[in-house]
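Presented below is the structure to which this report refers.
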Amino acid sequence: MVILLLSLSGLPSWARNTPADVQVIDRQPQQPITEPEQTVPAAPSAPGLNDPQEFEAFVDNFFQEELSKTHVPGGVISVVKDGKLFFAKGYGYANLEKKIPVEADKTLFRVASLSKLFTATAAMQLYERGQLDIHADVNKYLTDFQIKNPFSEPVTAARMMLHTDGTTKRRIGLAARTAQEMEPLGDYLADHMPPVVWQPGELYSYSSHSIALLGYLVEKISGTPFAQYIDKNIFQPLQMRRSTFLQPPPPPLANDLAVGYQYQSGKFKPVPYLYLNIAPGASMQATATDMAQFMLAHLLQGRYENSRILEEDTVRLMHEQHFTHHPLLPGTGYSFRERLENNIRTIGHLGSLRGYSSSLTLMSDRNIGIFIATNSFSGIHGKLLTQFFDRYFPAPQQQTVKKPLALSAEQLERFTGTYRDLEYPRHTFAKLTAPFAHINIKQGDNGTLLVSTPGLFFVGDAPKIQLAPIEPLLFRRVNDDAFTAFEPDESGWIKYAFNPLWAKIGAYEHVPWYETSWVQLGILGFCTVVFLSAILVYPVAPLFRRLRGKRFQVKRQLRWAWILAGLIGTLNLAFLIGFPLSIWLYGFWRLVYGVPPVAIAFLCIPLLTTVLTLGLFIFTALAWQNNYWSSLRRSHYSLITLAALVFIPFLTYWNLLGFQF
């Protein structure tokens, strides 16, 4: 059974906000820090980028073509350069029904995971003041609950900003339908914080809940509700008067929030506002010009006009690389993730939320920042950034490329197999989405490896990446000259593949054969067929015989054996059909609100059949011991028992045995 849940990469959490909390806040900085004007060096040569009109023509042409092609109702871009705003403009509609156009300095967008950059900035402010030791165990600061960590290495604020704290994603229940239904941040995290599954500091695994916990530390240490802390210490000094973490935005801003849309059946449909329980990770709403001021502050080493939000050394600390899986691969700073574009190092973040997408990119050594947002989940920032870099910062014509390393077919064979993205919900039944993030690696031509996405779980044209070996555990991606690295375990088995598909940080784990999709589907198919046969033998067969006026002959002492087999087969098939159907009718994406009662009711079935399976085992033993029935019927009954027994670990593996959500 496979359930496709809508991926909401990077969602957030914050304390409950009721209508009484919603108020207009004076965003004038209370105590601005006056500093002498600084001369900002001009960006290195970039043909055409010095002409705002030429750049506007380029962006106009892009949006005119892409908005209709990709079914995006509206978008916005702001670019800063040399210490000031270079360009900002809106395109399309913020509200299609009312025909309200997007305006760069007026329209608010939900920027989703870009919120993490603000949360990290706030944490580093506390670090500057000596209130937060980013390398100390976070349990030192937690009094209401503790992080359960089975490893010797601690979960720290630094590792949470690097996403190397050892936790993973959680999707179910991270949002509410109304502001009143939102849980206070601490209460929510106490019940929903994902467990630590890897030793902290070893692997990158993106988790919005980690940044939500970081935001909770900001709230707890400062003694100020998270949204108020950000407003006072970041928004006000940066004069970001049209930005907020409040859900929904206060009345002066609420009318200017772009409506999120999804394109279905040839029409744009508004999506409901998600009230996120993990606000520090993804609930921020802002205009493009406000985001430009945040970019300027980070490019100017913590300063914006006469105010300062961070010291220069702290900004450099945030931006520098602190973790990477391999020296030649992009890594991450404190919430700022590296990306290589045409051999240029950039840092920033992406944001995705139902109905919205965004990106923030800083070219620190060139004093350039780019913010892009749309009111559609299918964003266009990736394509726009690619065209931007190809136009203004093209890759060098001649590049030094390492000479390929000749590996034999036997040596390449150890790298082949199925790999799974580390970033999936491991401890809820949302684990069923994991196969959608599988990739296959097999041997290609001329001593290379070929990376592809299994067609069974991929919508559209599956990407195929060719990897050429240049070191025993390092390959060059022929398609884009980026690198992919592998890591073996102590036995030599290749355990991880790093950056096999995209030019950004990411890790995939080598899946053992018994965990591959086809083996799991084979187990599911076997159980389904056998359970169906149990139903056909009893009670369907006796019913047909009775309708035909014939009696069903069965030894009285084991009549209940076949009744039990038919009951277990019927219940298990009812679960396999009813549970995914209930989720589908409810709506996959609505699982962010929690699991519907009808689905919970279906989850009771495996608990019942697991207990009843003990009876099957006893009846099977009696049948063989006393030679009940024919050999064929005894074999069939044994097969039913085997299927019921195999079904138990299958359910356990997919977190379907019990109420794991």
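The values are calculated or read from the model by the stated rules, or taken from the named source; none is laboratory data. Given the structure is predicted, the values throughout are model-derived calculations rather than measurements. When we count neighbours, we look across all protein chains shown, and the Cβ atoms used for this are built from the backbone with ideal geometry, even at glycine.
List pairs: first in segment 317-335 and touching a residue at least 12 places away in the same chain (Cβ under 8 Å) and under 16 Å from PHE498 (Cα atoms), second surrounded by fewer than 19 Cβ atoms within 10 Å (Cβ to Cβ) and of a type in the set (Ser, Thr, Tyr), Cβ under 6 Å, 6+ apart or cross-chain?
GLY331/THR324
Out of the residues in segment 453-501 meeting the condition of being on the phi > 0 side of the Ramachandran plot and under 22 Å from the mean Cα position of the chain (by Cα), tell me which one is modelled with the highest pLDDT.
Filtering segment 453-501 for residues that are on the phi > 0 side of the Ramachandran plot and under 22 Å from the mean Cα position of the chain (by Cα), the one modelled with the highest pLDDT comes out as ASN499.
Restricting attention to segment 67-86, which residues are in contact with a Lys or Arg (Cβ under 9 Å, 6 or more places away or on another chain) and surrounded by 19 or more Cβ atoms within 10 Å (Cβ to Cβ)?
VAL76, ILE77, SER78, LYS81
Among the residues of segment 70-92, are any of a type in the set (Ser, Thr, Tyr) and in a helix (DSSP H, G or I)?
Of the residues in segment 70-92, the ones of a type in the set (Ser, Thr, Tyr) are 70, 78, 91.
From what's left, in a helix (DSSP H, G or I): none.
No, segment 70-92 contains no residue that is of a type in the set (Ser, Thr, Tyr) and in a helix (DSSP H, G or I).
For ALA179, work out the one condition from (1) hydrophobic (A, V, I, L, M, F, W, C); (2) in contact with a Pro (Cβ under 9 Å, 6 or more places away or on another chain); (3) assigned to a helix (DSSP H, G or I); (4) more than 13 Å from MET161 (Cβ to Cβ) it doesn't fulfil.
All conditions pass for ALA179, except number (3).
Give the residues of segment 200-254 that are in contact (Cβ under 8 Å) with a residue 24 or more places away in the chain, more than 21 Å from GLN125 (Cβ to Cβ), out of contact with any helix residue (DSSP H, G or I) (no Cβ under 9 Å at 6 or more places or on another chain) and outside any loop (DSSP other than H, G, I, E, B), sorted by residue number.
Within segment 200-254, PRO251, PRO252, LEU253 qualify.
Consider PRO327 against the criteria (1) assigned to a loop (DSSP other than H, G, I, E, B); (2) buried (at least 22 other Cβ atoms within 10 Å of the Cβ); (3) not hydroxyl-bearing (Ser, Thr, Tyr): it satisfies all of them except one. Which criterion is unmet?
(2)
Residues LEU585, LEU576, LEU656, LEU581: which one is under 22 Å from HIS192 (Cα atoms) and within 30 Å of the chain's Cα centre (by Cα)? Break it down stepwise before answering.
Numbers: LEU585 fails: under 22 Å from HIS192 (Cα atoms); LEU576 fails: under 22 Å from HIS192 (Cα atoms); LEU581 fails: under 22 Å from HIS192 (Cα atoms).
Matching residue, one of LEU585, LEU576, LEU656, LEU581: LEU656.
Just give me the residues in segment 129-149 being more than 26 Å from GLU311 (Cα to Cα) and part of a loop (DSSP other than H, G, I, E, B), in sequence order. Explain how you work it out, then say what you get.
Quick first cut of segment 129-149, residues more than 26 Å from GLU311 (Cα to Cα) only: 139, 142-149.
Scanning segment 129-149 gives LEU142, THR143, ASP144, PHE145, GLN146, ILE147, LYS148, ASN149.
Any residue in segment 167-193 that's assigned by TED's automatic domain parsing to the domain that holds ALA227: show its pairings with residues that are among the charged types (D, E, K, R) and not in a loop (DSSP other than H, G, I, E, B) at Cβ separation under 9 Å, as long as the two are six or more apart or on different chains.
Listed by first residue and then by second, the contacts come to GLY173/ASP191; ALA179/ASP21; GLU183/ASP191; LEU185/GLU219; GLY186/GLU219; GLY186/LYS220.
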